[in-house]
Amino acid sequence: MHKKVVVLNVSGNVGKTTISSQLLYPRMRDASGKFPTLVEVETYNKSAAGLPGITAIQKTGSQYRDVYELAYEDPALIVDVGASNIVPFFEQLTTYRGSAEVFDMFIVPTTPGSKEMHDTLKTIQLLRMFGVGDDRLRVVFTRVASDVVDEFKLLYNASATDTHSFNFDKNLTIFETELFKELGELGETVDSLLSDDSDYPTLIRAAETPQDKKRLVKRDMALRMARSVNDNLDFVFSHLALQVAEKPTVKPVKK
């Protein structure tokens, strides 16, 4: 399995944190059950660190040197680059020439909006400048209603052109769901919610107040959604093809 993964897009609100914390984090555990190191290169958006079972390190794009060192220190690493830090992050990749090779995979999440899709193509072109080929690039389609090709037609057409070519993998589809909003309100992750073995039908019937009943119904519905969403995430993860790769010895180029 690839162990060093960067999740990024020059566009915001495309599902980077969801992919980092809900898709990758619980599935990149080692044989002993140890979770990967999650680094959030973020300034403004809410951290996933407060969610059950998730520990995260906060860095900024200008602290790329620290992130680079972690790639050598930690056996498994997820780097979630927020849109607010994407410019300094790419500037550091330029400064430390060739250092992108230390990362096994770059995941670019995207949504069906026109701006987000154009930003996705821009992100792919930037990654190409740093030597990221199709073997290390994955585009994950989020908030898909039903037909990923139809909803991402701009990207589908662009993927076959010489200037914007990339592997349009329909298997990397995360379908639209209310669950992630519900998880934010509940302060849970898919993983933590699935560990709840409470008998909610019995608890709901025994609820003494309308408020308690409403709260329990809300949690019961979220748990049921989590089971189907988890299957979707399992499927996507299995198709990321996180295979073992020989890592080059790359050191920062001195200025």
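Please treat every number below as a calculation from the coordinates, not as lab data. The model shown is predicted, which means the values in this text are computed figures rather than measured ones. Note that each Cβ is placed from the backbone with ideal geometry, even for glycine, and that neighbours are counted across all protein chains shown.
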message = Over 26 Å between Cα atoms: which of Lys34/Lys218; Lys46/Lys115; Lys46/Lys170; Lys46/Lys213; Lys170/Lys214 fall into that group?
response = Lys34/Lys218; Lys46/Lys170; Lys46/Lys213; Lys170/Lys214
ask   = Between Phe175 and residues 5 or more places away or on another chain, which pairs have amide H atoms under 5 Å apart, with H built 1.01 Å from N, and which residues are they?
value = Val144
request  = Once you have the Kirkwood Rh of the chain from its Cα pairs, apply Stokes-Einstein at 20 °C and 1.002 mPa s and quote D in µm²/s.
outcome  = 111
ask   = Normalised by the residues of the chain, what does the relative contact order come to in percent, with Cα pairs under 8 Å and at least six apart?
value = 23
key: Degrees between helix 210-238 axis and first principal axis of the chain (Cα, 0 to 90, nearest 10)   = 40
note = Zone reached by a paramagnetic label modelled 7 Å from Ala207 Cα along Cα→Cβ, restricted to the range 174-190 with backbone N below 19 Å, covers 179, 182-188
query = So how strong a dipole does the chain carry about its Cα centre when Lys and Arg Cβ are +1 and Asp and Glu Cβ are -1, to the nearest 20 debye?
reply = 520
task = With an 8 Å cut-off on Cα pairs and a minimum separation of 6 or more residues, tell me the relative contact order of the range 181-230 in percent.
result = 43
query = Cα centroids of the range 47-123 and the range 189-239: how far apart, whole angstrom?
reply = 31
message = Of all beta bridges DSSP finds with both residues in the chain, what is the antiparallel percent, to the nearest 5?
response = 0
query = Rounded to the nearest 500 deg cm²/dmol, what is the calculated helix-only ellipticity per residue at 222 nm for the chain, with -39500 (n - 2.57) per DSSP H run of length n ≥ 4?
reply = -11000 deg cm²/dmol
note = Charge tally for neighbours of Val148 with beta carbon under 12 Å away, counting Lys, Arg as +1 and Asp, Glu as -1, is -2
inquiry  = Please list, ordered by chain and number, the residues whose modelled amide H lies under 5 Å from the amide H of Thr37; skip anything fewer than 5 residues away on the same chain.
reply    = Ala76, Leu77, Ile78
